[in-house]
Amino acid sequence: MLAKVYLLLYNCSLGFGWSLVLWYTLQELHGSQTTSTVYRKVEVPLKVSQTLAVLEILHAAVGLVRSSPLTTFIQVQSRLVVLWLVLDPVREIQSEVNVPVMICAWCVAEIVRYWYYALSIVDKVPYLLTWCRYSLFTVLYPVGVSGELLTIYTSLSHFTATGRFSVSLPNKLNVSFSYPSFLVLYMLGYLPYLPKLYLHMLKQRAKSTRHHLHPSSG
């Protein structure tokens, strides 16, 4: 019972959090007619909402939810890397048009997901929300991932020119580290798991469709 109450509060809180991020994003786009100020407008609620997703790894690990801890980790860490280690440190790329597009894709996906989870706990999920949960990802997932990759790519010139987060020789430890090279490898790391996650969601969509067509068999 306590676990259900906690998960209900957690999902409702993040449902509200991501709704706030989307509201601020659309408000800024409408009011300023530019993408350059969107990130700074939504920075705080975006960081809070996305960083709290780390708890989902713990939820999966301790069995509070049936999700795979590894799959959850992969999904959560990719956004955290983009947000905290690429987008936030590089002010120059925060005005790029792909940033609000990426944020909007994140918002819609998360609003649907968290409210779906919250209402699932009390068995009150409307069909429209279920449809959105298992259908909108076909567009939102590619848009969001493309935005993440483009954000990383546009940051490479900054990190190359400034040497930020890189370690050059000589130094006492006699080791070097190229942050731009790490980011390139990180982008390549998307390739193995992107199809896997997408196919997983397609299977979940097929399962959900069968359940609604033949509820007695679920």
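With label points built 7 Å along Cα→Cβ from the Cα atoms of residue 97 and residue 120, find their separation and express it in nm.
It is 3.6 nm.
Using the alpha-carbon atoms, what tilt in degrees (0 to 90, nearest 10) does helix 137-162 show relative to the longest principal axis of the chain?
For helix 137-162, the angle is close to 10 degrees.
Run the dipole for region 76-144 about the Cα centre, Lys and Arg Cβ at +1, Asp and Glu Cβ at -1, nothing else charged, and hand back the magnitude in debye, nearest 20.
Details: 5 positive and 5 negative charges, 43 e Å.
Dipole size: approximately 200 debye.
Ordered by residue, what ³J(HN,Hα) values in Hz, to whole numbers, does region 166-180 give under the Karplus form 6.51 cos²θ - 1.76 cosθ + 1.60, where θ = phi - 60° and Gly and Pro are x?
Karplus values, whole Hz, x for Gly and Pro: 8, 10, 10, 7, x, 8, 4, 7, 6, 10, 10, 8, 9, 5, x.
Over 25 Å, how big is the tail of the calculated P(r) for region 101-218, in percent of all Cα pairs?
Numbers: 3103 of 6903 pairs.
Here the tail beyond 25 Å accounts for 45 percent of pairs.
Roughly what angle does helix 98-121 make with the longest principal axis of the chain, taking Cα atoms, 0 to 90 degrees, to the nearest 10?
Between helix and principal axis, roughly 30 degrees.
Write out the trypsin sites (Lys or Arg not before Pro) in region 1-66 meeting two conditions: DSSP loop, and at most 13 other Cβ atoms within 10 Å of their Cβ.
Numbers: sites: 4, 40, 41, 47, 66; in loops: 66.
When the trypsin sites (Lys or Arg not before Pro) of region 1-66 are filtered for loop state and at most 13 Cβ neighbours within 10 Å, 66 remain.
Nearest 0.05, what FRET efficiency do residue 61 and residue 127 give at R0 = 25 Å with Cβ-Cβ as r?
Calculated value: 0.20.
Using the Cα centre of the chain as the reference point, and only Cβ charges (+1 on K/R, -1 on D/E), how large is the resulting charge dipole? Debye, rounded to the nearest 20.
Numbers: 17 positive and 9 negative charges, 116 e Å.
With Lys and Arg at +1 and Asp and Glu at -1, about 560 debye.
One-quarter of the Cα convex hull surface for region 21-127, in nm²?
So the Cα hull casts an average projection of 7.7 nm².
May I ask for the Kirkwood hydrodynamic radius of the chain, worked out over all distinct Cα pairs and given in angstroms to one decimal? Each step should come with its number before you reach the end.
Values: mean 1/r = 0.0527 Å⁻¹.
Result for the chain, one decimal place: 19.0 Å.
Filter 4/207; 4/41; 47/196; 41/203; 47/207; 4/47 down to the pairs with a C-alpha to C-alpha distance above 29 Å, please. Can you show the working numbers first?
Details: 4/207 24 Å; 4/41 33 Å; 47/196 27 Å; 41/203 37 Å; 47/207 33 Å; 4/47 25 Å.
Flagged as over cut-off: 4/41; 41/203; 47/207.
May I ask you to give the percent of accessible area on the chain that is carbon plus sulfur, with a probe radius of 1.4 Å?
Details: 8450 of 12420 Å².
With neighbouring chains kept in place, the figure for the chain is 68 percent.
Which residue, 109, 206, 118, has the most motion in a Gaussian network model of the chain that connects Cα atoms within less than 10 Å?
Checking each option, the largest mean-square fluctuation is seen for 206.
For the Cα atoms of the chain, what angle does the longest principal axis make with the long axis of helix 38-51, in degrees from 0 to 90, nearest 10?
Roughly 60 degrees between the two axes.
Could you tell me the center-to-center distance, by alpha carbons, between region 1-73 and region 101-161 in angstrom?
10
Full extension from residue 32 to residue 167: what is 0.36 nm times the residue separation minus their Cα-Cα distance, to one decimal in nm? It would help to have the intermediate numbers written out before the result.
Values: separation 135, 0.36 × 135 = 48.60 nm, distance 3.94 nm.
Full-extension gain reported as 44.7 nm.
Using a probe radius of 1.4 Å on heavy atoms only, what accessible surface per residue do you get for region 73-207? Whole Å² is fine. Mind dumping the intermediate values first?
Working: 7290 Å² over 135 residues.
Counting only protein heavy atoms, the per-residue value for region 73-207 is 54 Å².
The values are calculated or read from the model by the stated rules, or taken from the named source; none is laboratory data. None of the values given here were measured: they were computed from a predicted structure. Cβ: placed from backbone, ideal geometry, glycine included. Neighbour counts: every protein chain shown. What goes into the accessible areas is simple: the full protein's heavy atoms, side chains included, and nothing from ligands, DNA or RNA. Shrake-Rupley method; radii C 1.70, N 1.55, O 1.52, S 1.80 Å.
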